[in-house]
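Participant: Dropping a structure here in structure tokens format, bear with me for questions.
The values are calculated or read from the model by the stated rules, or taken from the named source; none is laboratory data. Small disclaimer: the values here were computed from a predicted structure and weren't measured. Backbone-built Cβ (ideal geometry, glycine too); neighbour counts: all protein chains shown. Please note that ligands, DNA and RNA were not included when accessible areas were found on the heavy atoms of the full protein model with its side chains. Shrake-Rupley method; radii C 1.70, N 1.55, O 1.52, S 1.80 Å.
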Amino acid sequence: MRAYWLIALLWIRAALSYPVSFWTMMVGGVLITFLDFVSIWLMFTHIDSYGGFSLREIGLLYGVTSIAFRIADMLVGSVEKIGQKVRSGDLDAMMTKPVPVLVQLCADRFELRRLGQIGQGVAVFAWAAPIVDWNPQRLGVLVMAIVSGVVIYFCVFVTFSTIQFWTTDASEFANAFTYGGNTIMQYPMTIFPREVVRSLTYLLPLTFVNWYPCLFLLGETDPFGAPGWFRFASPLAALVLVGITALVWRQGLRRYRSTGS
Amino acid sequence: MSLIEVKDLSREFTIRKRAGLLRRTSVVKRAVHDLTFEIDAGEMVGYIGPNGAGKSTTIKMLTGILVPSGGSAQVAGLEPSRRRRELARRIGVVFGQRTSLWWDLPLRDSFELLRRIYRIPDKTFRRNLEDHVAMLDLGDLLDTPVRQLSLGQRMRGDIAAALLHDPEILYLDEPTIGLDVVSKGRLREFLRALNHERRTTLMLTTHDLGDIEALCDRVIVIDDGTAVFDGPLPSLRTGGGASRTLVVDLVDEAAPIAVEGAEVVKVEGPRQWLAFPAGSSAAPLVSQVAAGYDVADLSIHEPDIEDVIRNLYGG
């Protein structure tokens, strides 16, 4: 952890030493992600509800998944580029330093400008928040969902990037699950077939990032009939995923250390 | 106990090949097999061999990056593959063709980060930085981002970085590759001083035999994954069936010189070349020639080390 922040801080300092470029990239990031929500908003100029959800309700789903996803995206740094690091030999250099390789990979090229994209998620959430009848329990579930969501997305990033130890060109494959997963979660699950929702609960548990917790915030029950306690199960899903990720990562590194390529 | 102990060290790789549309065959390649050697503290060892001989594989096993498939390795009393991060604090590694510095950051920031990562005491850090920066002539470059440095400057930066935490062993993989003559000379001088003053053990892989001649007391030659020679540089010349050459300038042209223990390999007017085993002395030969012929001049040529090594690879 200490090493993570030491390396990350260095990258932050380096980025801030070019302030013009830093702020342009940051604002650019905000604009692009902003357009992302505008497209949903435009859709609502023709319809009043989508999958039984109003625009603000979708804004809530969108906000929670975006905040979690963008924070995770900022924290994983160069993990997505494992294949490239293997080819360039940078991974070997990392292995000769007294800091865990995963920590070095995550902190490498830490991009503070992603705060802009996180900010966009926060803005959409803030706009949607008034529809929730806030009380301490709901606030608690929200915090739990976002923290678990960051962990869940972080694990998905790491797990699918680890595949690059087996095939070095698999970064696009990983993107389908990370960026693709986030895009799917921006919509209410009611627009998808039951099988998709099941997969997103039991195989790739992204529904625990925002779907189940948001149902609780909105005081609704799951239209697919999932158990009520699922609405509070986000930390459990995160924990299981951490276990799986640790295993996969270890296997990947072990494979690298016995093939050297 | 030696600082580095390698016993029957082996590493096999399984290479899968496509054999037809769906069928795949796998071939087991032995990159390193039954390698055994010991290196004592304070030695400077050249580790040489042709491309693909297993040099990098060995270094990767000694730094803990690769797990051996057989045999054992002990470095500074630790098993590298199991105690990789612990070992990292006691060794320095420089890969010649890539940098372990942070590409976009000035050297100074990279050094500062390493100080914190390795938790180097302030005093040690300041002393090492002063010493190495002065000796490697890096003073004016500390605030330049690494990507703007020339190859030679970057290499010097990399070496200074690898030495900040006072490693007992420094592994150098092709340290002078791509450097000009002046940079090479400076670097060699620095490494020699490091070994003399701090007793840092050096193990370097190289294709440049100049590095070996300038630096190494001992050479390990590896070919096809196994050591074919291990000993001091002078005996590398005498071993391997190499020969020295006595060049004789006679006063007049003559028939080939007939003396015991040498044979004429070339005649050019009054000049004749006599080859004799590298292990034997030139003195009796010289006196025989001087006694039997009118000699204008004599000179002795040592075998070319590259030829000697080429012989070793071939055999």
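Participant: Being in a helix (DSSP H, G or I), surrounded by fewer than 21 Cβ atoms within 10 Å (Cβ to Cβ), within 13 Å of chain B (Cβ to nearest Cβ) and touching a residue at least 12 places away in the same chain (Cβ under 8 Å) is the requirement here; does A:Arg56 meet it?
Facilitator: no
Participant: Provide a single number: the residues in segment A:1-19 that are more than 7 Å from chain B (Cβ to nearest Cβ) and within 24 Å of the chain's Cα centre (by Cα).
Facilitator: 9
Participant: Further, regarding this structure: Collect the residues in segment B:42-68 that are buried (at least 23 other Cβ atoms within 10 Å of the Cβ), at the interface with another protein chain (Cβ under 10 Å from one of its Cβ atoms) and part of a loop (DSSP other than H, G, I, E, B), keeping them in residue-number order.
Facilitator: Passing the criteria: B:Gly64, B:Ile65, B:Leu66, B:Pro68.
Participant: A follow-up question, please. Just checking, how many residues over segment A:217-261 are over 20 Å from A:Val196 (Cα atoms), open to solvent by less than 60 Å² (accessible area, probe 1.4 Å) and of a type in the set (A, V, I, L, M, F, W, C)?
Facilitator: 6
Participant: So B:Thr36 ticks every box in (1) closer than 19 Å to B:Thr14 by Cα; (2) surrounded by fewer than 18 Cβ atoms within 10 Å (Cβ to Cβ); (3) β-branched (Val, Ile, Thr) but one. Which box is left unticked?
Facilitator: Unmet condition: (1).
Participant: Please find, within segment A:20-50, the residue that is nearest to the other protein chains (Cβ to nearest Cβ) out of those that are assigned to a helix (DSSP H, G or I) and among the aromatic types (Phe, Trp, Tyr).
Facilitator: A:Phe22
Participant: Follow-up. How many of the residues making up segment B:178-200 are more than 27 Å from A:Pro98 (Cα to Cα) and in a loop (DSSP other than H, G, I, E, B)?
Facilitator: 3
Participant: Please determine whether any residue of segment B:242-255 is more than 30 Å from B:Gly185 (Cα to Cα), open to solvent by less than 20 Å² (accessible area, probe 1.4 Å) and in the same structural domain as B:Tyr171 (by TED's automatic domain parsing).
Facilitator: Within segment B:242-255 (the criterion being more than 30 Å from B:Gly185 (Cα to Cα), open to solvent by less than 20 Å² (accessible area, probe 1.4 Å) and in the same structural domain as B:Tyr171 (by TED's automatic domain parsing)), the answer is no, since none of the residues qualifies.
Participant: Please go through segment A:36-51 and give me each residue that is surrounded by 12 or more Cβ atoms within 10 Å (Cβ to Cβ) and either in contact (Cβ under 8 Å) with a residue 40 or more places away in the chain or out of contact with any helix residue (DSSP H, G or I) (no Cβ under 7 Å at 6 or more places or on another chain) (or both), ordered by number.
Facilitator: A:Asp36, A:Phe37, A:Ile40, A:Met43, A:Ser49, A:Tyr50, A:Gly51
Participant: Further question on the same structure: If I filter segment A:1-23 down to residues being β-branched (Val, Ile, Thr) and open to solvent by less than 90 Å² (accessible area, probe 1.4 Å), which single residue comes out as nearest to B:Phe111 (Cα to Cα)?
Facilitator: Result: A:Ile7.
Participant: I'm checking my understanding of the structure. Among residues of segment B:123-153 that are in a loop (DSSP other than H, G, I, E, B) and without any contact (Cβ under 8 Å) to a residue 40 or more places away in the chain, which one is surrounded by the most Cβ atoms within 10 Å (Cβ to Cβ)?
Facilitator: Per the stated criteria, the residue is B:Leu138.
Participant: Sticking with this structure for a sec: Could you tell me whether B:Gly71 is assigned to a loop (DSSP other than H, G, I, E, B), among the small types (Gly, Ala, Ser) and open to solvent by 10 Å² or more (accessible area, probe 1.4 Å)?
Facilitator: Considered against the rule, which asks whether it is assigned to a loop (DSSP other than H, G, I, E, B), among the small types (Gly, Ala, Ser) and open to solvent by 10 Å² or more (accessible area, probe 1.4 Å), B:Gly71 comes out as no.
Participant: Restricting attention to segment B:21-32, does a residue exist that is open to solvent by less than 70 Å² (accessible area, probe 1.4 Å), away from every other protein chain (no Cβ under 14 Å), assigned to a strand (DSSP E or B) and in contact with a Ser or Thr (Cβ under 8 Å, 6 or more places away or on another chain)?
Facilitator: Within segment B:21-32, not a single residue is open to solvent by less than 70 Å² (accessible area, probe 1.4 Å), away from every other protein chain (no Cβ under 14 Å), assigned to a strand (DSSP E or B) and in contact with a Ser or Thr (Cβ under 8 Å, 6 or more places away or on another chain).
Participant: Considering only residues that are more than 8 Å from chain B (Cβ to nearest Cβ) and open to solvent by 10 Å² or more (accessible area, probe 1.4 Å), which ones fall in segment A:79-93?
Facilitator: Correct list: A:Glu80, A:Lys81, A:Gln84, A:Lys85, A:Val86, A:Arg87.
Participant: Shifting gears a bit: Give me the pairs: first residue in segment B:83-94 and more than 7 Å from every other protein chain (Cβ to nearest Cβ), second residue assigned to a strand (DSSP E or B) and at pLDDT below 95, beta-carbon distance under 8 Å, and six or more apart or on different chains, which are they?
Facilitator: B:Val94/B:Leu172; B:Val94/B:Asp173
Participant: Restrict the check to segment B:102-122 and report whether at least one residue is more than 9 Å from chain A (Cβ to nearest Cβ), in contact with a His (Cβ under 6 Å, 6 or more places away or on another chain) and not in a strand (DSSP E or B).
Facilitator: Looking through segment B:102-122, at least one residue is more than 9 Å from chain A (Cβ to nearest Cβ), in contact with a His (Cβ under 6 Å, 6 or more places away or on another chain) and not in a strand (DSSP E or B).
Participant: Any residue in segment B:36-58 that is farther than 23 Å from A:Ala93 by Cβ and hydroxyl-bearing (Ser, Thr, Tyr)?
Facilitator: Yes - at least one qualifying residue is present in segment B:36-58.
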